[in-house]
Structure formats: structure tokens, C-alpha cells
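Trainee: Take a look at the following structure, please.
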Amino acid sequence: MAEEGQKRRIAIFGSTGSIGTQALEVIRAHKNVLEAEILTAQTNADLLIKQALEFLPNAVVIGDETKYEQVKDALSATSIKVFAGENALEEVADFDTYEVMLTAIVGFAGLKSTLKGVKKGKVIALSNKETLVVAGDIVMQQAFENRSPIIPVDSEHSAIFQCLIGEARNPIEKIILTASGGPFLGKKPNFLVNVKRDHALQHPNWSMGAKISIDSATLMNKGLEMIEAKWLFNLKPEQIEVVVHPQSIVHSLVQFEDGSLKAQMGLPDMKLPIQYALGFPERMKNDFPRFNFKKYPSLTFEEPDYKTFRNLGLAIDALKAGGNKACVLNAANEIAVWAFLKNRIGFLDITAVVEKTMDKISFIENPTLEEYYESDGEARNFAASVMKM
Ligand code: NAD
Ligand code: MG
């Protein structure tokens with residue numbers, strides 16, 4: 001934590017989303033030690049303005065340039081710097097004035113600014129898992145070279161990170177990522193074929209942004225998390241397992257070489273892993289609701305249904321293949337999920353689009369960053385063309 005009297009300055013990339021707004025709740029609850037230095041939003045200018053007037057950051061970015069005047073006017077009585085457009089994200093990421101970057105932008109769009117933060121040697125509170133799915137080797141290498149600590153925010157990875165404290169000399173035998181199973185746990189393809197957007201958006205345990213909610217319903221989210229875990233904890237594919245745990249209380253587990261398992265538990269509330277990452281290595285006292293065993297008489301665990309939720313198998317293929325496979329999987333999935341959210345394709349079509357795109361795009365074993373961008377673009381174009389057929 002920062003010195004007495006000095007607050008830790010946080011840059012929230014994606015402050016208007018589900019993670020971003022919860023991060024601001026955490027900052028509000030710990031005003032004496034945390035403050036918002038940079039806030040960014042893509043389109044929601046009204047909420048960005050409201051946040052800026054409350055938290056008085058040094059700078060804000062509105063991605064949608066048509067909203068620049070609106071934000072500028074609304075903040076004219078303050079000294080807050082206002083930027084607009086995609087390139088502004090990298091510009092503010094280059095500031096010296098913040099200590100921790102919370103990456104809460106959704107999707108591939110979060111990669112460039114995260115890389116800039118890493119190059120600056122900032123502490124990265126990593127929520128944007130797609131960054132590691134797309135270019136995990138480059139991001140982790142850059143983080144190593146620039147001494148940029150990466151603290152996971154994703155609840156499963158935060159759990160594993162917490163289980164590893166004090167275990168630096170003890171190799172991991174394997175990790176077990178828990179999955180809630182999403183809103184369609186136990187359902188079969190004959191049901192899923194007719195599933196609509198609004199139903200898929202209703203997650204039983206977590207309230208999240210639209211994209212990750214759909215990914216949770218298709219189990220792609222768990223596949224992306226397996227790839228995220230590979231990079232964060234330097235694991236081989238066979239060291240990463242998934243178990244379905246519908247109550248979302250055990251957030252994940254680590255098994256060591258003596259067979260001992262460590263788990264981290266708590267209520268499903270993202271404010272906890274967000275707070276842990278922002279305050280690391282300290283655990284900051286709070287009054288968030290506590291877990292009560294009496295309300296959870298049984299915690300259950302079961303195998304995922306790989307046959308029905310085929311996205312998980314596709315992500316495992318990408319995990320094993322390495323190279324640009326996961327980048328391609330991610331790009332196709334972003335396009336397909338977006339189309340599903342617009343009611344343009346069905347729920348099961350998401351998997352079909354991802355699978356076709358993975359088969360089509362040429363494999364590159366050791367891509368450069370430029371090649372990752374190219375693979376992403378090619379995969380997006382191909383996925384879009386598949387959906388037009
Ligand atoms: P969200 O859709 O609620 O919010 C996304 C944020 O990113 C918004 O502030 C939006 O303005 C901004 N944004 C969107 N597109 C952008 C673009 N093209 N350029 C710049 N900014 C853009 O998403 P979320 O649920 O908060 O998820 C954010 C990230 O955190 C995702 O990568 C997700 O996988 C990860 N994550 C989320 C949760 C959760 O509970 N919501 C849990 C674990 C991990
Ligand atoms: Mg997660």
C-alpha cells in the first residue's frame with residue numbers, strides 16, 4: 001500500500017462497465033487509501049461524466065469521438081483533462097501519474113492500452129482476460145522485462161493467486177478452475193437451439209457485462225480462463241482442469257505435489273477480487289456481506305458436459321495448439337457473440353462460427369504482435385462472412 005497520507009492512484013480502463021463500476025465502489029469504500037486517476041468509457045458519456053464529477057480524476061477518455069464536446073462541456077468547471085478516440089487510450093496509459101492500471105475494457109479492444117501499461121512497468125490489475133488469450137506470450141514476456149506485476153482480477157485466477165501466496169518454492173501439480181455452469185447447466189442441444197438473448201444474459205450467480213454473460217452461458221468463458229491461467233501461472237495444458245460448481249463459492253483450487261489442495265472461497269461478488277488486486281498485498285477491511293454456511297447446506301461439484309457445450313473443447317484445442325489459435329478463437333467468438341446479442345444468429349451457431357474460423361485461418365506457431373493483429377482481423381472477417389451465408 002502507498003505511504004501514509006499517499007493514496008494509490010488507479011487508472012480504470014473501462015470504468016462504465018460491470019467491473020469498472022464495481023471498482024469505483026471499492027475506491028469509494030477506501031477513499032483514504034485509493035483514488036481514481038484515469039477513467040475511460042467507450043460510449044456511455046453520461047455515466048463517465050457522473051463518475052468524473054464524483055471522483056475528480058486527472059483525465060478521462062471517451063472512445064466515441066462524437067461525444068467529446070458533451071464530456072468536455074460537462075467537465076469545463078473542473079481541471080479534468082478530456083481525451084477522445086481510440087488512440088487516446090494509449091496516450092493516457094503512457095501517463096506517469098498513476099500506479100495501478102485496472103484493465104476492465106471488454107475484448108481484444110483492451111490489448112493495446114494494457115501493453116502500454118505493461119511497457120511502463122505499471123501494476124496491472126488484469127480483468128480483461130482476452131488480452132492474455134490473444135497474445136499471452138508477448139504480454140507476459142513484456143511484463144517480465146518491464147517488471148510489471150500482473151495481479152489477476154478474474155475471480156478464479158485471483159483465487160489461485162491467493163492460494164499461491166507463500167508457496168513460491170512449491171511447484172503446482174495442477175489447478176482446478178471452478179465453473180458455475182451458467183444459466184443452461186444441465187440443458188441439452190434440443191433446448192439450446194431455441195435459446196434467446198435475454199435468457200442467455202441471465203446468469204444465476206453473477207451480474208456481468210453482456211459479452212462475458214454469453215461466454216458464461218456457452219462455457220467459452222471457462223475456456224478463455226484456461227488459456228488465461230496457462231499464461232498467468234506458467235502451466236501446461238494438462239495441468240489445468242475444470243469442474244462445475246453451481247454455487248460459485250469455491251472460486252478455484254491449486255493442487256501441490258504432495259496432493260494437498262488449497263482453495264479460496266467467498267460469496268460470488270467481484271468487488272472482492274477487484275479490491276484484492278487494487279490493495280495487494282494488503283487485505284483491506286470492508287463491510288461487504290460475509291459467507292454463511294447455513295445458507296449453503298451443500299456445495300456440489302460435477303464434470304462439465306463437453307458434448308453439449310462444445311466451446312470448452314474448442315478452447316482446449318486452442319490451448320494445446322498454441323501459436324495464433326487462441327487469438328483466432330477469441331476473434332471469432334467476439335464476432336459470433338456480438339451477432340447473437342443482435343439476434344442475428346442462434347445460440348448454437350456461436351460454436352459453429354468459432355469452429356469454422358479456427359479450421360480456416362492459417363496457423364502461425366510463433367506470431368509477432370503484428371501477426372496477432374492480422375490473425376485477429378482475418379478471423380473477424382471470416383467469421384462475419386460465415387454468418388452471411
Ligand atoms: P462491460 O461490457 O460491462 O464493460 C466494458 C467496458 O469497456 C465499458 O466501460 C466500455 O465502455 C468499455 N469498452 C467497450 N468496448 C470498448 C472499446 N472498443 N474500446 C474501449 N473501451 C471499450 O464488461 P465487463 O463485464 O465489465 O467485463 C470487462 C472485462 O472484465 C472483460 O474482459 C471480462 O471478461 C472481464 N471480467 C468481467 C467479470 C464480470 O463480473 N463482469 C468477471 C471476470 C472478468
Ligand atoms: Mg471468471
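The values are calculated or read from the model by the stated rules, or taken from the named source; none is laboratory data. Just so you know, these numbers come straight off a predicted model, no measurement behind them. Reconstructed Cβ throughout: ideal geometry from the backbone, glycine too, with neighbour counts over all protein chains shown.
Trainee: Can you name the condition, by its number, that Lys116 falls short on among (1) in contact with a Pro (Cβ under 8 Å, 6 or more places away or on another chain); (2) more than 12 Å from ligand 1 (Cβ to nearest atom)?
Mentor: Going through (1) in contact with a Pro (Cβ under 8 Å, 6 or more places away or on another chain); (2) more than 12 Å from ligand 1 (Cβ to nearest atom) one by one, Lys116 breaks only (1).
Trainee: Another question, if that's okay. How many of the residues in the stretch 123-138 are outside any helix (DSSP H, G or I) and crowded, with 24+ Cβ neighbours inside 10 Å?
Mentor: The qualifying residues number 6.
Trainee: Which one is surrounded by the most Cβ atoms within 10 Å (Cβ to Cβ), of the residues in the stretch 206-227 that are within 11 Å of ligand 2 (Cβ to nearest atom) and modelled with pLDDT under 95?
Mentor: Here the residue is Met208.
Trainee: Also: May I ask you to say which residue of His203, His157 is within 15 Å of ligand 1 (Cβ to nearest atom) and in contact (Cβ under 8 Å) with a residue 60 or more places away in the chain?
Mentor: His157
Trainee: Further question on the same structure: Picking from Ala326, Ala339, Ala332, which residue would you name as being assigned to a helix (DSSP H, G or I), small (Gly, Ala, Ser) and under 23 Å from Val243 (Cβ atoms)?
Mentor: After applying the criteria, what remains is Ala326.
Trainee: Can you report the number of residues in the stretch 39-91 which are among the aliphatic types (A, V, I, L, M) and out of contact with any helix residue (DSSP H, G or I) (no Cβ under 7 Å at 6 or more places or on another chain)?
Mentor: So the count comes out to 6.
Trainee: Of the numbered conditions (1) closer than 30 Å to Val26 by Cα; (2) crowded, with 22+ Cβ neighbours inside 10 Å, Asp287 satisfies every one except a single condition; which is it?
Mentor: (2)
Trainee: Shifting gears a bit: Just give me the residues in the stretch 330-355 being out of contact with any Phe, Trp or Tyr (no Cβ under 8 Å at 6 or more places or on another chain) and within 11 Å of Leu314 (Cβ to Cβ), in sequence order.
Mentor: Asn333, Thr351, Ala352, Val353, Val354, Glu355
Trainee: Checking the conditions here, which among Pro268, Pro246 is over 24 Å from Gly136 (Cα atoms), away from ligand 2 (no atom under 14 Å from the Cβ) and in contact with a Ser or Thr (Cβ under 7 Å, 6 or more places away or on another chain)?
Mentor: Pro246
Trainee: For the stretch 177-201, which residues satisfy the criterion of being in a helix (DSSP H, G or I) and either touching a strand residue (DSSP E or B) at 6+ places or on another chain (Cβ under 9 Å) or within 24 Å of Ala318 (Cβ to Cβ) (or both)?
Mentor: Listed by number, the residues that qualify are Pro189, Leu192, Ala200.
Trainee: Restricting to the stretch 103-130, name every residue that is within 20 Å of Thr21 (Cα to Cα) and β-branched (Val, Ile, Thr).
Mentor: Thr103, Ile105, Val106, Thr114, Val123, Ile124
Trainee: Another question about this same structure. Right, Ser252: surrounded by 22 or more Cβ atoms within 10 Å (Cβ to Cβ) and assigned to a strand (DSSP E or B) or not?
Mentor: It is true that Ser252 is surrounded by 22 or more Cβ atoms within 10 Å (Cβ to Cβ) and assigned to a strand (DSSP E or B).
Trainee: What number of residues within the stretch 202-216 satisfy the criterion of being within 13 Å of the chain's Cα centre (by Cα) and assigned to a loop (DSSP other than H, G, I, E, B)?
Mentor: The number of residues fulfilling the criteria is 2.
Trainee: Let me ask something else about it. Quick check: anything in the stretch 98-108 among the hydrophobic types (A, V, I, L, M, F, W, C), modelled with pLDDT of 95 or more, within 11 Å of ligand 1 (Cβ to nearest atom) and more than 21 Å from Leu34 (Cα to Cα)?
Mentor: Yes.
Trainee: Right, something else. Being of a type in the set (A, V, I, L, M, F, W, C) and more than 13 Å from ligand 1 (Cβ to nearest atom) is the filter here, so list the residues in the stretch 32-46 that pass it.
Mentor: Residues satisfying the conditions are Val33, Leu34, Ala36.
Trainee: What are the residue pairs meeting all of these: first residue in the stretch 139-154, first residue on the phi > 0 side of the Ramachandran plot, second residue more than 16 Å from ligand 2 (Cβ to nearest atom) and not hydrophobic (A, V, I, L, M, F, W, C), Cβ atoms under 8 Å, and 6 or more apart or on different chains?
Mentor: Arg147/Gly121
Trainee: From the list Glu365, Glu371, exactly one residue is without any contact (Cβ under 8 Å) to a residue 60 or more places away in the chain, in a loop (DSSP other than H, G, I, E, B) and not hydroxyl-bearing (Ser, Thr, Tyr). Which is it?
Mentor: Of the residues listed, the single one that is without any contact (Cβ under 8 Å) to a residue 60 or more places away in the chain, in a loop (DSSP other than H, G, I, E, B) and not hydroxyl-bearing (Ser, Thr, Tyr) is Glu365.
Trainee: Filter the stretch 139-161 for residues that are part of a helix (DSSP H, G or I) and within 14 Å of ligand 2 (Cβ to nearest atom); which is farthest from Phe233 (Cα to Cα)?
Mentor: Per the criteria, the residue is Ser155.
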